[in-house]
Amino acid sequence: MKEFEIVEHTADVGIKAYGKSLAECFENAAKGMFAIITDNSKIDSVGEYRIELKSDSLEELLVDWLSELLFLNSAYNLVFGEFKVDLDEKNIRLNARALGEEYKRDKHGYGVEIKAVTYHMLRIKKTYPYEVQVLFDI
């Protein structure tokens with residue numbers, strides 16, 4: 001099963017992420033987002049960052065998850081390539097580890113700058129095969 005695919009949309013870019021569980025879809029959505037940001041370059045797992053979130057819906061939780069990672073990217077110049085997400089669907093909580101390193105232009109190249117995660121065309125398929133779709137404002 002492929003992890004994700006990039007979806008082109010007029011002035012935006014997005015991803016469809018797949019998984020054997022919704023947690024794996026959340027992990028693969030993050031991988032896809034950083035593939036866009038780094039032009040699919042290799043990201044070493046040098047540092048580990050823990051993220052805990054609670055939202056009112058799984059859709060909000062997905063947007064919050066990717067937005068938190070985007071904040072770490074823009075505020076601290078970090079990129080991530082490995083994720084471990086524990087998802088509590090009943091209580092709409094996420095506990096995750098993101099592993100990555102500082103962005104280096106010579107190593108990670110020039111990808112696309114993502115300004116925001118949007119709710120436009122956001123979709124979560126909550127049955128197997130699991131799938132999420134999200135668009136980014138670029």
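The values are calculated or read from the model by the stated rules, or taken from the named source; none is laboratory data. Fair warning: this is a prediction, and the values are worked out from it, not measured in the lab. When we count neighbours, we look across all protein chains shown, and the Cβ atoms used for this are built from the backbone with ideal geometry, even at glycine.
Give the residues of segment 120-138 that are of a type outside the set (A, V, I, L, M) and either farther than 20 Å from Ile37 by Cβ or over 14 Å from the mean Cα position of the chain (by Cα) (or both), sorted by residue number.
His120, Arg123, Lys125, Lys126, Thr127, Tyr128, Pro129, Tyr130, Glu131
For segment 10-60, the tally of residues that are closer than 24 Å to Val112 by Cβ, of a type in the set (Gly, Ala, Ser) and buried (at least 17 other Cβ atoms within 10 Å of the Cβ) stands at 8.
The single residue among Phe83, Phe71 that is without any contact (Cβ under 8 Å) to a residue 60 or more places away in the chain, surrounded by 21 or more Cβ atoms within 10 Å (Cβ to Cβ) and hydrophobic (A, V, I, L, M, F, W, C) turns out to be Phe83. Restricting segment 1-57 to residues that are modelled with pLDDT of 95 or more, acidic (Asp, Glu) and assigned to a strand (DSSP E or B), the residue that is nearest to Ser74 (Cα to Cα) is Glu48.
Within segment 1-26, the set of residues being without any contact (Cβ under 8 Å) to a residue 60 or more places away in the chain and not polar (S, T, N, Q) comprises Lys2, Glu3, Phe4, Glu5, Ile6, Glu8.
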